[in-house]
Each structure stands twice: as structure tokens, then as C-alpha cells.
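What follows is a single structure, written as C-alpha cells, with notes after it.
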Amino acid sequence: MTIVLAALAVWISPAHRLTLLAAGIGTAVMMVALLVGLAVVRGVYLDSVPPSALPRDPAAFIFDTLVRFLRESTRTLLVVAIVTAFATYLYGPGGGARAVRSAAARATGAIGRGLARGGARTGGFGRWLDVHRAWTTGVVITGGALALVLWNHPTPASVGLVLGIVVGILALLGILAGASGPTANGPADGLAGSGPAADGPAAGGRHGSP
């Protein structure tokens, strides 16, 4: 229900990215508060049980068993919220976010160009991936989110697994795009399409300007 309400708020908001960032941070804060509250209640409960009626260890076992699913789901939502907020920040206009994106694009592009020089070129498929980089990235991230939604009883470990798969697929797509090889206009650049400098006519116009 929390995820559904957050998704609805993001969908109806005019500033989708900022709303998603706020939802991720807000959810993370609420999950931390809930975990702290569970720890406080656990301590109060254990202190209120007389040792003569029930020893401390069995009392702790009973409490932990009763709140096990609540605690695990809270931790899972906390991890999802942190990942969502961090990913949303990386897609923003901040200097740190741009630096991370540029570093990732340079790394995958360099690996892809190295493969192309070694003869492992992806040709037209790699160029298609480079042109549609934003679209393919959205599809991969949406697939990862859908996997978590459909996962029965997700845990922090399952969130980490899905996150690792998504990051790995995005890195692989970047490498394949960089390994497209030379085109009719010159050698392929792994960062093509990532900024105004990659546009041939615009770049030519700048060379001709004083």
C-alpha cells in the first residue's frame, strides 16, 4: 500500500523526480523511526516481564517471533527507499550526479571501444542502443521495480540482488553501445548522444564561431 500511494503521488505530481526523491527520503525516515520504535518497545516489554514468570531469553524469542515479518518488511522498505532516493538523485541536475553519470559513461564507453578495436563490434545494434540509451535504461529500471513488486515476501537481500542485476545490465548495455565500431561519419564514441558535444552539426558550428 505504501508503494502504491507513493507511485500515485509521483504520477499526479508535476515535478515527478522531486516528488519521487521526497517520497524515497520520507519513506526511509518513517522506516527508521519504526525500527527504532520496535527496539524501544522490545526493551520495555522485556523489562516488564518478571523473570520468575518468564525468563528473559524466552520472552525475547516470543517478541522477535511476533514482530519478525513486520521488522523484515520494514527493513526491506528502508532499503528500497534508500535505493530509490539515491537513483533519483543520480538522474538529477546536480554536479555530483553529473560526475557519476559521466564517469560511468566513460568507463563503459572505454571498455566497449576496446572490444571494438579487438574485433568484437556490435555494429548497428550497438548504435541503436547508443541512440536509445534513455529508453533502454528506463525499461531496465522498470523491469527491476516490477520484479520487486511481484516478488513474494521480498527481503533486503532480494532487493540487493535485483539492484545488482539492474546495474549489471545497464553496464552491459553501455559496453555494447560503445563497441558499435566506426560509422560512416567516423569512429564511434561511447559517449555519443550524451551531450551537445556529440552532435556533429552543432560541434561544427562552434568550431566556426570566433
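Coordinate-derived values only; no laboratory data. Just so we're clear, the structure is a prediction, and the values are computed from it rather than from any experiment.
List of remarks:
- The stretch 95-112 - phi-based ³J(HN,Hα) in whole Hz, Karplus 6.51/-1.76/1.60, Gly and Pro as x: x, x, 5, 5, 5, 5, 5, 5, 5, 5, 5, 5, 5, 5, x, 5, 5, x
- One decimal place: the segment residue 131-residue 32 gains 31.6 nm when fully extended, by the rule 0.36 nm per residue minus the C-alpha distance.
- When only alpha carbons are used to place a centre, the stretch 1-61 and the stretch 150-166 end up 19 Å from one another.
- Chain lengthening between residue 69 and residue 15 when straightened (0.36 nm per residue, less Cα-Cα): 16.0 nm
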